[in-house]
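One structure is given below, encoded as structure tokens.
Read-outs: derived from the displayed coordinates by stated rules, not from any lab. Computed from a prediction, not measured in an experiment: that's the story for all the values here. Using ideal geometry, Cβ is built from the backbone for each residue, glycine included, and neighbour counts are taken over all protein chains shown.
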Amino acid sequence: MTRPSIPELLERLGELDEGERIEAKRGQQAGKSILETICAFSNEPGLDGGFILLGVEKDPGALLDVYAPVGISDPDNVINTLATQTREMFNVPLRPEVWQERVNGKLVIAVRVHEASAEQKPVYLKATGLPKGAFRRIGNSDQRCTEDDLNELYQGRATGSYDDTIVPDATLEDIDAAALEDYRAERRKVNASAEELEYSDNDLLKALSGIRQDSRGTWRPTVAGILLFGTSIALRRFFPLMRVDYIRIIGKQWIEDADHRFDTVELRAPLMRLVRRTEAAILDDLMKSFRLPEGQLQAQQTPAIPQRVIREGLVNALMHRSYRQHSPVQIIRYANRLEFRNPGYSLKYEERLGEPGSETRNPKIAAALHDTNFAETKGSGIRVMRRLMEESGLTPPHFESDRPDNRFIATYLFHHFLSAEDHQWLRQFQGADLSGEDARALIYARETGAVTNAAYRDLNKFDVLTASKRLKRLCDQGVLESRQKGRATYYELASAWTQVRASEDDTGGAPATPDRPGSGIPDNGLAIPDNGLAIPDNAPAIPDKPPAIPDTIQAQIASLGGRSRKTDVQNVIVELCRLRPFTLEELAHELNRTPKHLSSDYVQPLVRSGALEYTIPDQPKHPKQAYRTTEKDKK
């Protein structure tokens, strides 16, 4: 990892969600607080250490989090003292990197602390001893280790993983022979000549680390053995909360209200069977689009999210979750997105998600899923999901690893980027200097309620610093507002714009803006990059300069009012689409109505009745979708 400059570290401090790896201190000398932070960075598993900046402080007058240098008066003394203390005051000698730079004329010291090896942990202050002398990095604070923390750090020294440990009180009777046969069937599909297919049940369990010998030489099931091949009774007995909850929510936000109850389907089974059952439950519930391939008589159904993305997301949640934590995997289906929530933060640091190489806390389970093609072990799952979502014209997925709450969240929007309705909605931000990347972030905030630095990075493939600058610029322009929840910073649409959203359906016309209430907004030339979707060859082109609308149809349009009969509006739409294909945005402009209202109340009923058809039938939500009259209607 390249060493960042001190100005780069100062800018990262502006994002609280990065605070777990950076600590700022004004102190002019090395002291107890700095040593506790060094100890915490050394101990925290999977954090890869962290950085300490000395001689800086937060600007109390700044609207957003801004850190400024105040300088170190005697940097040589601080550096020499740190080197001595880190070498002598801990139970193991530590060797942090220390350097200094001048920022705005002030000397600032940076300390890079490396994570200690598993054999060295727990690192603690010798004078204080255990447990009070050991610290962990939780969020952006240093916490004294509890007995549970020390047990976790000591267990990290062991060569075996948790899924390779014996389950107390479990016996071979807790293994389901049918689950073993299920494994054989899946393995046979991958490699029909695999040697282990000829093993007896006991030998197969030994090969897969499903059973191990205890201190008395008796073969007993391991955690992996029960989770992969356990009977239903054994799963409930030993892992009562190791299930998948598929939750269906009405609307776009979680509402814990007795009057707005949600539906939950609880699924329990050995892992490979659980993957198939959960995948089927999701696919049966998701909305689908229909397409009729050329030369075929049977229509094909395509789920709102590619099936392989669903499979990858589900397997990742079950394979990488923490089985020490007794809580279920939750899959929440909102009106506009699917969220996978599993206990256990990612062992791979968030900025490296999608890079080659896999780090799993359950290697025995991962190996069995890999052998049956349920999972891969090269760390390419997230990269594949991103590619498939983008190829389908969908919003890139967002992945959040939350260490303090020990959970991982993957979000997949059903939303296609960037539709005609999105273009129409974005026009309300007249005067704002928006890039295409900003547009993606604003639409994500509209759909989910907020956007974070990590989400901006996922959407646009930016680094932390660039995302931070872009988000702060949107705040400066009054488009977003910064919020804090605990240690994290997130950004919501500014209140003026959320009021615009609420008024769209009330006005019956083009959306209003804070500075021009009730007025239609002309195209401000916002450049939004193409999402890469190709238009089929047989889709009719819409001319750059479409022919003028005949006077007779213009007269019909002029006669329409805000309370016109539905059939009158639909007749005008059909007449327009008989002239040439019209996009939803064009129809909304001609009829002075919002695209959302026009689509739901007029256009989609015409499509369902057969009066109109898509110009791109196999991709109903394609951003360049248009409508034309059907051959039947023309006759």
Problem set entry | FRET efficiency for LEU283 and ASP476, using Cβ-Cβ distance with R0 set to 51 Å, rounded to 0.05 | 0.70
Seminar exercise, completed: Here FRET efficiency (C-beta to C-beta, ALA335 to GLU97, R₀ 60 Å, nearest 0.05) is 0.75
Seminar exercise, completed: Of the convex hull drawn through the C-alpha atoms of the range 70-130, the volume per residue in Å³ is 95 Å³
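Which of PHE340, PHE408 has the fewest other C-beta atoms within 10 Å, and how do the rest follow up to the most?
On the way: PHE340 23, PHE408 26.
Listing PHE340, PHE408 from fewest to most nearby Cβ atoms yields PHE340, PHE408.
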For this session: Using the Cα centre as the reference, give the magnitude of the dipole from point charges on the C-beta atoms of the range 139-282 (Lys, Arg: +1; Asp, Glu: -1; all else neutral), rounded to the nearest 20 debye.
Result: 340 debye
Exercise. Given charges of +1 on the Cβ of Lys and Arg and -1 on the Cβ of Asp and Glu, with all other atoms neutral, how large is the dipole of the range 6-155 about its Cα centre, in debye to the nearest 20?
Worked result: 560 debye
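What order do you get for THR452, THR146 when you list them from fewest to most C-beta neighbours inside 10 Å? Intermediate results must be reported in sequence, preceding the final value.
Working: THR452 22, THR146 12.
The most exposed by this proxy come first: THR146, THR452.
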For this session: Classify the range 119-161 as rounded, prolate or oblate, taking a ≥ b ≥ c as the square roots of the eigenvalues of its Cα gyration tensor: rounded when a/c is under 1.5, otherwise prolate if a/b is larger than b/c and oblate if not.
Result: oblate
Seminar exercise, completed: Of the residues ASN80, LEU9, GLY49, the Cα lying farthest along the dipole of the range 6-155 towards its positive end, which is defined by charges on the beta carbon of Lys, Arg, Asp and Glu, belongs to ASN80
Problem set entry | For the range 226-238, 3J(HN,Hα) per residue [Karplus equation, 6.51 cos²θ - 1.76 cosθ + 1.60, θ = phi - 60°, Hz, x = Gly/Pro] | 5, 5, 7, 9, x, 5, 4, 5, 5, 4, 5, 6, 8
Exercise. Length gain on complete extension for the stretch ARG188 to ASP74, per 0.36 nm per residue less the alpha carbon to alpha carbon distance?
Worked result: 34.1 nm
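Count the net charge of all other residues whose Cβ sits under 14 Å from the Cβ of THR37, scoring Lys and Arg as +1 and Asp and Glu as -1. Spell out each step's value before the answer.
Values: positive: ARG21, LYS25, ARG26, LYS32, ARG112, ARG136, ARG137, ARG144; negative: GLU20, GLU23, GLU36, GLU44, GLU115, ASP142.
Value of the local net charge: +2.
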Problem set entry | Virtual spin-label span in nm between ARG248 and ALA207, 7 Å along Cα→Cβ | 4.2 nm
Exercise. Each residue of the range 188-193 in order: what ³J(HN,Hα) in whole Hz does its phi give by Karplus 6.51 cos²θ - 1.76 cosθ + 1.60, θ = phi - 60°, with x for Gly and Pro?
Worked result: 5, 5, 7, 8, 5, 9
Exercise. By how many nm would the segment from LYS126 to ASP48 lengthen if fully extended, with 0.36 nm per residue of separation less the alpha-carbon distance?
Worked result: 25.8 nm
For this session: Mind pulling up the Rg/Rh value for the range 6-155? Radius of gyration and Kirkwood radius, both on Cα.
Result: 0.98
For this session: Mind giving me the nanometre distance, one decimal, between the label points for ASP148 and GLU492, set 7 Å out from Cα along Cα→Cβ?
Result: 3.1 nm
Exercise. Under a plain spin-label model, where a point goes 7 Å from the Cα along Cα-to-Cβ, how far apart in nm are ASN571 and ARG87?
Worked result: 9.4 nm
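In debye to the nearest 20, how big a dipole does the range 162-238 give about its Cα centre with +1 on each Lys and Arg Cβ and -1 on each Asp and Glu Cβ?
Details: 10 positive and 15 negative charges, 26 e Å.
The calculation lands at about 120 debye.
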Seminar exercise, completed: If amide H atoms are modeled at 1.01 Å from N in the peptide plane, then the residues at a separation of 5 or more from ARG212, or on another chain, having amide H under 5 Å from its own are ARG220, THR222
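Computed FRET efficiency, Cβ-Cβ of ALA558 and GLU8, R0 56 Å: what is it to the nearest 0.05? Don't jump to the answer; show the numbers that get you there.
Values: r = 60 Å, r/R0 = 1.07.
E(calc), rounded to 0.05, equals 0.40.
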